[in-house]
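The values are calculated or read from the model by the stated rules, or taken from the named source; none is laboratory data. Because the structure is a prediction, the values reported are computed rather than measured. Note that we place each Cβ from the backbone using ideal geometry, even for glycine, and neighbour counts take in every protein chain shown. These accessible areas exclude ligands, DNA and RNA; they are computed on the full protein's heavy atoms, side chains included. Shrake-Rupley method; radii C 1.70, N 1.55, O 1.52, S 1.80 Å.
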Amino acid sequence: MLPETSDFSKALEESLLALGEGQDISVCLARYPQYVERLRPHLDVVAQLRASAHRERDLFISAFPDVPF
């Protein structure tokens with residue numbers, strides 16, 4: 001693996017972990033300015049998937065208000 005690829009992989013992995021901990025995409029991108037163009041599409045997809053999952057969960061819970069979750 002080329003050093004550039006390895007460094008990007010590490011930046012992506014750390015950014016995904018940070019998103020999972022609630023960090024904002026802009027914070028992740030600021031941490032790795034050399035990879036902004038490569039990181040942004042990946043992080044945007046993860047953020048969109050998370051938002052969609054939260055909406056689905058909220059819709060499910062509101063559809064069954066009497067069921068304890």
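Some points to look at:
- Where labels lie 7 Å past Cα in the beta-carbon direction, separation of residue 27 and residue 62 in nm: 2.8 nm
- Where labels lie 7 Å past Cα in the beta-carbon direction, separation of residue 44 and residue 9 in nm: 2.5 nm
- Selected from 59, 17, 39 as most flexible by GNM, with the chain as the system and alpha-carbon contacts under 10 Å: 59
- Ligands, DNA and RNA excluded, the heavy atoms of residue 42 present near 90 Å² of accessible surface to a 1.4 Å solvent probe.
- Calculated [222 nm] ellipticity per residue, helices only, for the chain: -26000 deg cm²/dmol; basis is -39500 (n - 2.57) per DSSP H run with n ≥ 4, divided by all residues, nearest 500.
- Note on residue 24: accessible area is roughly 90 Å² with a 1.4 Å probe, heavy atoms of protein only.
- Selection of GluC sites (Glu not before Pro), region 5-54, meeting DSSP coil and at most 11 other Cβ within 10 Å: 21
- Using Cβ point charges alone (K and R +1, D and E -1), the dipole size of the chain about the Cα centre works out to roughly 80 debye.
- Modelled FRET efficiency - R0 25 Å, residue 34 with residue 54, Cβ distances, 0.05 increments: 0.20
- Labels on offer are (1) 5.1; (2) 4.5; (3) 5.6, and the one holding mean projected area of the Cα convex hull in nm² computed from this structure is (3).
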